[in-house]
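The values are calculated or read from the model by the stated rules, or taken from the named source; none is laboratory data. Nothing here was measured: the structure is a model prediction, and the numbers come from that model. Cβ: placed from backbone, ideal geometry, glycine included. Neighbour counts: every protein chain shown. The protein model used for the area step is the full one, side chains on, heavy atoms only, and it has no ligands, DNA or RNA in it. Shrake-Rupley method; radii C 1.70, N 1.55, O 1.52, S 1.80 Å.
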2 protein chains.
Amino acid sequence: MRSDYHDRLDALTTGLADMCGLAATAIERATDGLLHADLSIAERVISDHDDLVERKAALEEAAFILLALQAPVAGELRAIVSTLRNVSDAERMGGLALHVAKIARLRHPSQVLADDVSAVIAEMGTVAVDLAHAARDVVLSADPERAARLRHDDDAMNDLHRHLFTLLMDRQWPHGVAAAVDVTLLGRFYERFADHAVEIGRRVVFQATGETPDSAD
Amino acid sequence: MRSDYHDRLDALTTGLADMCGLAATAIERATDGLLHADLSIAERVISDHDDLVERKAALEEAAFILLALQAPVAGELRAIVSTLRNVSDAERMGGLALHVAKIARLRHPSQVLADDVSAVIAEMGTVAVDLAHAARDVVLSADPERAARLRHDDDAMNDLHRHLFTLLMDRQWPHGVAAAVDVTLLGRFYERFADHAVEIGRRVVFQATGETPDSAD
């Protein structure tokens, strides 16, 4: 028979998985808002972020209560502390999606990005959504193979980020300095989004198997 | 009489304070390396960062052991979990100093920054060092007034960051796109460094007094 305690542990896990899912939605919408200069979708990402912040606070409190009332043994203790940290990463992913949405809003109604840059950012957006979904799946399954996929996606993100820099550093960059500043920040936001997703996967797998993939940094 | 348990709690606190001090040194040297195109000091920041990463891991492990063996009561439990998170912020501060040092190394032997930008970055560096020292002091003292100073310094950092953007967005920006990309990233690194210092102070004060200053984000 399942105990209330184990139900609460499971609720922490599903709560974290839900946060990863919401971060996926946020970065998907933020990317859409950016690529199509769609103010309403950008504003939706911005207003939805509060929900993620509240979920983070609620899960942190739930984790504290478990730690305080149950004095869990070593394995479960590590799992709870690991979840505490993962909810921070998931919230940061949402925060980075928020930053992308704010750039879209700031530049509205202009198209933020030229076509060549747009294509790269669109791919970064797709990879970011994949990463957040993979992090959610790893949280639920603790599957090391799914976590390996996270590393693979992160490599793809790093390649895209490097490609973006190649475009920026081209002496013929035709879009001006203001656009270069936006693109530099956007590249950083997507790259950090990926880092946090990888970090969640790394912690979950370490927690489940005792084996650590390489650090996300 | 002090117990071994309380000695270990104190060791966590001083370990975290030391990390803040090391982050202060790292950002001070990274800024020096950047402003004076000094490769050796930039490389020192890069190689020293491993120490901070190791200290983080050691403190995390020490915190886990305290949680596992002592099953601390609510107040001390929160203090330990709060320290666990603060060591992550302190390590990130070092990581951001590392990023600054890497830009200095990448551009060496060129001077990365034009004079007008240099002056702003120099100030950002000074404020960052102050913030890391203030975070260290707050960790040791839990003094809310010292924490208020953190907020004040963070406001100064945000003003400097805005000023940097004004320079970048000037249609007459004369330093080219590559320099704009560097300056954009540098601005972001110093600003994030400040956010992490403020977050440490916020957590310590909340932990000590139950009152939360506004969130750092």
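How far, in nm to one decimal, is B:Thr126 from itself in the other copies if the label point is set 7 angstrom along Cα toward Cβ? Shortest first, please.
Result, one decimal in nm: 4.9.
Taking N as the number of residues in region A:1-129, what value does Rg over Cα atoms divided by 2.2 N^0.38 Å take?
1.29
At 1.4 Å probe size, with no ligands or nucleic acids counted, give the accessible surface of A:Ser3 in Å², nearest ten.
That residue has around 40 Å² of solvent-accessible surface.
What average number of partner chain Cβ atoms lie no more than 10 Å from the Cβ of the residues making up A:61-67?
Numbers: counts 0, 0, 1, 4, 1, 0, 8.
Neighbouring Cβ atoms belonging to other protein chains average 2 per residue here.
Can you sort A:Asp89, A:Asp7, A:Asp143, B:Asp115 by 1.4 Å-probe accessible area, starting with the largest?
Largest accessible area first, the list is B:Asp115, A:Asp7, A:Asp143, A:Asp89.
Between A:His36 and the same site in the other copies, what are the distances in nm, shortest first, taking label points 7 Å from Cα along the C-beta direction?
5.4
In region A:1-209, carbon and sulfur make up what percent of the accessible area (probe 1.4 Å)? Can you show the working numbers first?
Numbers: 4540 of 8820 Å².
Carbon-and-sulfur percentage of accessible area, whole number: 51.
Quick one: helix A:115-141 against the long Cα principal axis of chain A, what's the angle to the nearest 10°, folded into 0 to 90?
Orientation of helix A:115-141: about 0 degrees from the principal axis.
Counting each DSSP H run of 4 or more residues in the protein assembly as shown as -39500 (n - 2.57), what helix-only mean residue ellipticity at 222 nm follows after dividing by all residues, to the nearest 500 deg cm²/dmol?
Values: 12 runs with 370 residues, N = 434.
That comes out to -31000 deg cm²/dmol.
Shape verdict for the protein assembly as shown, please, from the Cα gyration tensor: rounded (a/c under 1.5), prolate (a/b greater than b/c) or oblate. Write out the running numbers ahead of the final one.
Details: a/c = 1.86, a/b = 1.28, b/c = 1.45.
Judged from the Cα gyration tensor, the protein assembly as shown comes out oblate (a/c at least 1.5, b/c at or above a/b).
In Å and whole numbers, how far do the C-alpha atoms of region B:134-178 stretch along each principal axis, longest first?
Extents along the principal axes: 47, 17, 7 Å.
Put a point 7 Å out from Cα along the line to Cβ at B:Ala71; what are the distances to that point in the other copies, in nm, shortest first?
0.2
Against the longest alpha carbon principal axis of chain A, how many degrees, from 0 to 90 and to the nearest 10, is the axis of helix A:4-35 turned?
0
Could you name the aspartates and glutamates whose alpha carbon sits less than 12 Å from that of B:Lys102, not counting residues in the same chain fewer than 8 places away?
Here the aspartates and glutamates satisfying the reach criterion relative to B:Lys102 are B:Asp38, B:Glu43, B:Asp182.
At a probe radius of 1.4 Å, figure out the B/A buried accessible area, summed over both chains, and give it in Å² to the nearest 100.
Values: alone 10860 and 10850 Å², together 18910 Å².
The contact between A and B buries close to 2800 Å².
Could you work out how far apart the two model spin labels at B:Asp115 and A:Ala11 are, taking each label as a point 7 Å from the Cα in the direction of the beta carbon, and quote it in nm?
6.4
For the Cα atoms of chain B, what angle does the longest principal axis make with the long axis of helix B:144-169, in degrees from 0 to 90, nearest 10?
Tilt of helix B:144-169: around 20 degrees.
Quick check: net charge around A:Thr184, other residues with Cβ under 12 Å of its Cβ, Lys/Arg +1 and Asp/Glu -1? Could the numbers behind the result be given before it?
Numbers: positive: A:Arg188, B:Arg188; negative: A:Asp182, A:Glu191, B:Asp182.
Once all neighbours under 12 Å are counted, the net charge is -1.
Using alpha-carbon positions, what is the distance between the centroids of region A:38-67 and region A:156-206, in Å?
The two parts, judged by their Cα centres, are 24 Å apart.
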